[in-house]
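Below is one structure, written out as structure tokens, with a few remarks after it.
The values are calculated or read from the model by the stated rules, or taken from the named source; none is laboratory data. Because the structure is predicted, anything quoted here is derived from the model rather than measured. Don't worry about glycine lacking a Cβ; one is built from the backbone with ideal geometry, like all the others, and counts go over all protein chains shown.
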Amino acid sequence: MAVTDWRIDRSSKVDGLGTKTRLRGPYRVLRAIFSDEGDTTEDGAGSITTGWFMKRKGTSPALVFVHDKQDEANRKFNLENFRARPQYDWYVVAKDEASLKDFCGWLSKEIIRRVEAEPQPKRLTAAAKEKVNTAIAKGMSVQDAMKKHAEWELIAPAAEAFKWPMKDPPKELVKEPPKEILKLVPKDAADKEDKEEDEETDEEPPEAP
């Protein structure tokens, strides 16, 4: 899907959006993709400091809401520091599964494309690190040992770090039955019912005449 198919939409609301997932990405990259810094709002369950309503134009319009969720009780939270983090697992909410998959598939690929175009953090491979340490232990200078034995690898390839669906989704996204199914019988009533069932089970059957 082309980038221009999804655009900022500030006329929409969260009402009617119920299908959700999480998508990993740096704030700076999302800000560049959306060409928008994000809005701040309140959802009643935690503070949303950064959010975007994105609407798909065309013959099959759709709406998604991308946002963070912060603990309002955390007095140490700093918006500037949060947005400077190398990555964050953003909440993505849509009305239906198809729109969610379409949006997240596009956004994930766009994040990966942009991150891979940046200088990537690297580290010594395990084998190279061992050779460098051995050379230094034998008296070689660090500079010469690195020049002779250094071999580098990406710390976290973008294609792996920002792929969607995430390999390690938060537990809170495990699907649960609808809330109306989860209405529990009051504990006292449940205990009483269990006790009556046990008493009925323990009764001996009447003797045959």
Requested in this report: Looking at (1) more than 25 Å from Ala159 (Cβ to Cβ); (2) touching a helix residue (DSSP H, G or I) at 6+ places or on another chain (Cβ under 7 Å); (3) surrounded by 14 or more Cβ atoms within 10 Å (Cβ to Cβ), find the lone condition where Trp52 falls short.
Outcome: (1)
Report task. Read through the list (1) in a loop (DSSP other than H, G, I, E, B); (2) acidic (Asp, Glu); (3) at pLDDT 90 or above, then give the number of the only condition that Glu72 fails. Result -> (3)
Query raised in the report: Ala98 versus (1) surrounded by fewer than 15 Cβ atoms within 10 Å (Cβ to Cβ); (2) aliphatic (A, V, I, L, M); (3) more than 29 Å from Val14 (Cα to Cα): which is the lone unmet condition?
Result: (3)
Query raised in the report: Scanning the range 124-154 for residues that are assigned to a helix (DSSP H, G or I) and polar (S, T, N, Q), which turns out nearest to the chain's Cα centre (by Cα)?
Result: Asn133
**Report entry** Residue count for the range 49-69, restricted to those that are assigned to a strand (DSSP E or B) and among the charged types (D, E, K, R)
**Finding:** 2
Report task. Give Ala62, Ala84 a once-over and let me know the one that is under 20 Å from Ile111 (Cα atoms), touching a helix residue (DSSP H, G or I) at 6+ places or on another chain (Cβ under 8 Å) and either touching a residue at least 60 places away in the same chain (Cβ under 8 Å) or not hydroxyl-bearing (Ser, Thr, Tyr) (or both). Result -> Ala84
Query raised in the report: So which residues in the range 1-31 are at pLDDT 95 or above and small (Gly, Ala, Ser)?
Result: Gly25
